[in-house]
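Asks: Here it is, the structure in full.
The values are calculated or read from the model by the stated rules, or taken from the named source; none is laboratory data. Since we're looking at a predicted model, the values are computed, not measured. Neighbour counts run over all protein chains shown; Cβ positions are idealised from the backbone, glycine included. Just the protein is used for accessible areas: all its heavy atoms, side chains included, with ligands, DNA and RNA removed. Shrake-Rupley method; radii C 1.70, N 1.55, O 1.52, S 1.80 Å.
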Amino acid sequence: MDCRVVIIPGDGIGPEIVREACKVLDRVGQVYGHSFSYTEILMGGCSIDAYGVPLTEEALETAKAADAVLLGAVGGDVGNSRWYDVAPNLRPEAGLLAIRKGLNLFANMRPAYLYSQLQAACPLKEEIIGSGFDMVIMRELTGGLYFGDRHTETVNGLRTAVDTLTYNEEEIRRIAVKAFDIARKRRKKVTSVDKANVLDSSRLWRAVVEEVAAGYPDVELKHMLVDNCAMQLVMNPGQFDVILTENMFGDILSDEASMITGSIGMLSSASLNETKFGLYEPSHGSAPDIAGKDLANPIATILSAAMMLRYSFDLDKEADAVEAAVRQVLAEGYRTADIWAEGCRKVGTAEMGGLIAERIH
Ligand code: NAD
């Protein structure tokens, strides 16, 4: 298979971690007979330095023409960088919003997986962790409260703020379809999270999710109220496979789920549109404090590349091989500084990438 990937190294540790993910993809290509071609575009602070804007129209068009996009991270030291002495729409992170909007990426997917080797970093008690957890949060990304009309006015002498939460059935249906499709590639269980006991938007959400579920008789559907879900994530995380939810609930729940894994350098993510196209990136930022020092953990980016193989290219076997290689390297005791523990062997960014690539069979 020929896969055309646009890569966005970005700022800070971005170039270092994307380099390792490409090393791993190249190894997948060798072993399984695929070819990955890379076109690099600038986004974030490096684009501001070169062109005065965080994302140019040309760069966006290049991304649109690819099969998938792999992103490192953008942004600098917020309190100490000239990139932030400008209007918010010209700062590095504005590039992220522009590319998500430009590519119509309405579905955000963040796995939360607990590696048995990293169990000590999980803040939950052993009896709660049980045999671990492996879930995906599927969050609607372009609708709901964050995109509704808002204003602040004075009403009867009191400052009054209004935000509106709107969803139409089409916006709900397309994210629900994504969640059920992804559940089919996993343990076939969707937990749809809403606040249907209070909100009209949630009652519509529930009704449309049930309509979609009717087309997936092999996938189990459960509804859960968002307050209960927040509790269940720290009481019994092992029960979840795919959590499907709207924008704001997903924003909060996905951070909660990532915190219980205990290691930010391990968390991948994907943003998808209606086609197989996706933008894949680690959940962490550009970590300017450790940039250029060979200290960054490349695993979140490597696992994001594995998601790209699985969801944009339908290369499930190859994605499994990358994930297995990551588990093997951890089992052999190799750790970057952020996940290092007594008795383990500390390695840098490039060595970690190389070790994972070597273990792809
Ligand atoms: P951050 O995620 O970059 O860093 C938080 C802490 O985690 C730091 O101590 C950092 O060294 C560490 N860390 C992060 N990734 C790591 C990795 N792979 N390996 C080892 N350690 C790692 O968050 P921040 O410090 O709040 O933000 C830094 C910059 O990144 C800011 O400019 C912010 O706006 C930007 N940011 C970008 C994205 C993105 O590109 N999607 C996301 C979040 C933040």
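Asks: Under the 0.36 nm per residue contour assumption, what length would be gained going from the current alpha-carbon distance of Glu210 and Cys344 to full extension?
Replies: 43.5 nm
Asks: Put a dot 7 Å past each Cα toward the Cβ at Asn104 and Asp85; how far apart are the dots in nm?
Replies: 4.1
Asks: Something else now. Classify segment 118-202: rounded, prolate or oblate, from the alpha-carbon gyration tensor (a ≥ b ≥ c, eigenvalue square roots; a/c under 1.5 rounded; otherwise prolate if a/b is larger than b/c)?
Replies: On the way: a/c = 3.23, a/b = 1.67, b/c = 1.93.
Because a/c hits 1.5 or more and a/b fails to exceed b/c, segment 118-202 counts as oblate.
Asks: Could you work out [θ]222 nm for the chain from helices alone, using -39500 (n - 2.57) per DSSP H run of at least four and dividing by all its residues? Round to the nearest 500 deg cm²/dmol.
Replies: The helix contribution divided over the chain gives -12000 deg cm²/dmol.
Asks: If you don't mind, there's one more thing I want to ask. Apply the a/c threshold of 1.5 to the C-alpha gyration tensor of segment 232-314 and tell me whether it is rounded, prolate or oblate.
Replies: Numbers: a/c = 1.91, a/b = 1.16, b/c = 1.64.
Oblate, since a/c reaches 1.5 and b/c is not below a/b.
Asks: Next up: Would you please give the FRET efficiency between Phe147 and Glu169, computed as 1/(1 + (r/R0)^6) with r the Cβ-Cβ distance and R0 = 22 Å, to the nearest 0.05?
Replies: Values: r = 16 Å, r/R0 = 0.74.
Between Phe147 and Glu169 the formula returns 0.85.
Asks: Leaving out ligands, DNA and RNA, what percent of the accessible area of the chain is carbon and sulfur, probe 1.4 Å? Walk me through the numbers on the way to the answer.
Replies: Working: 8160 of 15680 Å².
It is 52 percent, rounded to a whole number.
Asks: Would you look at the GNM of the chain, springs on alpha carbons closer than 10 Å, and say which of Ile302, Ile252, Ile137 moves the most?
Replies: Comparing Ile302, Ile252, Ile137 in a Gaussian network model of the chain, the most mobile one is Ile252.
Asks: How big is segment 123-260 along each principal axis, measuring the range of its Cα positions in Å and listing the largest first?
Replies: 56, 38, 23
Asks: Whole-Å semi-axes of segment 218-361's equivalent ellipsoid, largest first, each the root of 5 times a Cα gyration tensor eigenvalue? Before the final figure, lay out the partial values.
Replies: Values: eigenvalues 157, 75, 48 Å².
The equivalent ellipsoid of segment 218-361 has semi-axes of 28, 19, 16 Å.
Asks: For a quick size check, give me the Cα extents of segment 61-195 along its three principal axes, largest first, whole Å.
Replies: Principal extents (largest minus smallest coordinate, Cα): 54, 41, 39 Å.
Asks: On full extension of the chain, what length is gained from Asn197 through Asn236, given 0.36 nm per residue of separation minus the C-alpha to C-alpha distance? It would help to have the intermediate numbers written out before the result.
Replies: Working: separation 39, 0.36 × 39 = 14.04 nm, distance 2.27 nm.
Computed gain between Asn197 and Asn236 is 11.8 nm.
Asks: Over the chain, average the accessible area per residue using a 1.4 Å probe and give it in Å², no decimals. Mind dumping the intermediate values first?
Replies: Details: 15680 Å² over 361 residues.
The answer is 43 Å² per residue.
Asks: Using +1 at the C-beta of Lys and Arg and -1 at the C-beta of Asp and Glu, which of Val226, Met135, Ser254 has the Cα lying farthest in the positive direction of the dipole of segment 123-260?
Replies: Farthest along the dipole direction, towards plus: Met135.
Asks: Another one. Out of all DSSP beta bridges in segment 123-260, what portion is antiparallel? Express it as a percent rounded to 5.
Replies: Antiparallel bridges: around 30 percent, rounded to the nearest 5.
Asks: Which residue fluctuates most in the GNM of the chain (Cα springs below 10 Å): Leu158, Leu70, Leu55?
Replies: Leu158
Asks: Picking from Val162, Val209, Val24, which is most flexible by a Gaussian network model of the chain using Cα springs under 10 Å?
Replies: With Cα springs under 10 Å in the chain, the top fluctuation among Val162, Val209, Val24 is at Val162.
Asks: Let me ask you something else. Looking only at the chain, where both bridge partners belong to it, what percent of the DSSP beta bridges are antiparallel (to the nearest 5)? If you can, show how the numbers build up before the last one.
Replies: Working: 21 of 50 bridges.
The answer is about 40 percent antiparallel.
Asks: Grab segment 123-260 and count how many Lys pairs have their alpha-carbon atoms under 17 Å apart, sequence gap of 8 or more, or different chains. Before the final figure, lay out the partial values.
Replies: Values: Lys178/Lys188; Lys178/Lys189; Lys178/Lys222; Lys188/Lys222; Lys189/Lys222; Lys195/Lys222.
Value for segment 123-260: 6.
Asks: Could you compute how fast the chain diffuses translationally, taking Rh as the Kirkwood radius over C-alpha pairs and applying Stokes-Einstein at 20 °C with viscosity 1.002 mPa s? Give it in µm² per second. Each step should come with its number before you reach the end.
Replies: Working: Rh = 21.2 Å.
Estimated via Stokes-Einstein, D reaches 101 µm²/s.
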